[in-house]
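Participant: Quick one: the structure is below, questions incoming.
Coordinate-derived values only; no laboratory data. Predicted model only: the values in this text are computed from it and were never measured. All Cβ positions, glycine included, derive from the backbone under ideal geometry; neighbour counts span all protein chains shown.
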Amino acid sequence: MSTIPDWNTDGFLPPVDILHPASFENRSPYKVTSKALVERFALNRQRCKILHGFLKFRAGWYKIGLTNGIQWINGSFVENKEQIKSVPPNDIDIATIAILPEGVEEGELQKKNPELFNRISVRKKYLTDSLFILVDDEIDMNYFLDTTVYWSGLWSHTREYAWKGFLEVPFSPGDDKESLKLLKIKQKEFENDDTV
């Protein structure tokens with residue numbers, strides 16, 4: 001796992017380690033745990049609320065049987081939006097790449113909880129802007145590679161063409177339980193602090 005780097009002077013995660021730009025490990029997407037995500041980004045009430053929604057959303061995936069995959073995390077949530085625009089983020093942007101359990105089709109999973117696959121519902125209920133790719137043995141590798149390269153390329157820059165980094169968080173029900181405990185502690189700290 002990587003360490004989440006500090007924001008650069010523009011308020012973004014750097015896309016690479018400046019001292020080791022060709023490093024395979026220390027570059028975007030930075031591979032981190034959900035606990036590291038909470039430790040780093042539970043900075044105020046709004047961010048805690050977003051992280052709570054994100055963890056509940058992941059719990060929904062686990063409940064329908066998707067426990068093998070990753071989520072790329074991006075958008076203003078991993079930026080210093082409070083510095084850049086003087087407001088906290090509204091949501092967290094994620095792209096999920098999940099491996100379907102053997103013998104299970106996407107349609108079966110969608111029937112178990114259609115809401116998880118509805119981008120509008122997910123954004124409203126979980127404060128998560130979610131896109132996904134479900135992978136099985138029959139996936140077209142050209143499609144898979146084109147899609148991941150597209151998202152990586154798109155998420156590596158701002159709309160103003162500044163380079164930036166993003167995160168990769170693996171599915172891990174156990175880690176998420178620990179993350180939720182830590183998040184509850186952080187939320188209580190903000191509830192008791194009138195200055196936040």
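Participant: I'd like to know which of 90, 71, 60 lies farthest towards the positive end of the charge dipole of the stretch 49-98, counting +1 on Cβ of Lys and Arg and -1 on Cβ of Asp and Glu.
Facilitator: The listed residue farthest towards the positive side: 60.
Participant: Share of antiparallel DSSP beta bridges in the stretch 9-157, in percent to the nearest 5?
Facilitator: 45
Participant: What's the longest piece of the chain with no exposed trypsin sites (Lys or Arg not before Pro), counting a site as exposed if DSSP puts it in a loop and it has at most 15 other beta carbons within 10 Å?
Facilitator: Longest stretch, sites excluded: 1-84.
Participant: If you don't mind, another one. With P(r) over Cα pairs in 10 Å bins from 0, in percent in mind, check (1) 9, 37, 40, 13, 0; (2) 8, 29, 22, 13, 14, 10, 4, 0; (3) 8, 34, 37, 17, 3, 0 and report the label derived from this structure.
Facilitator: Only one listed value fits the structure, namely (3).
Participant: Which chymotrypsin sites (Phe, Trp or Tyr not before Pro) from the stretch 100-196 combine a DSSP loop assignment with at most 11 other Cβ atoms within 10 Å?
Facilitator: 161
Participant: Could you tally the net charge around residue 32, taking each other residue with its Cβ under 11 Å from the Cβ of residue 32, Lys/Arg +1 and Asp/Glu -1?
Facilitator: Working: positive: 31, 35, 40; negative: 39, 168, 175.
Taking every other residue near residue 32 into account, the sum is 0.
Participant: A further question follows. Using the crude model of +1 on Lys and Arg Cβ and -1 on Asp and Glu Cβ, and no other charge, please compute the dipole size for the stretch 30-191 relative to its Cα centre, in debye to 20.
Facilitator: For the stretch 30-191, the charge dipole is close to 1120 debye.
Participant: Whole angstrom only: what separates the Cα centroid of the stretch 84-116 from the Cα centroid of the stretch 35-62?
Facilitator: That distance is 14 Å.
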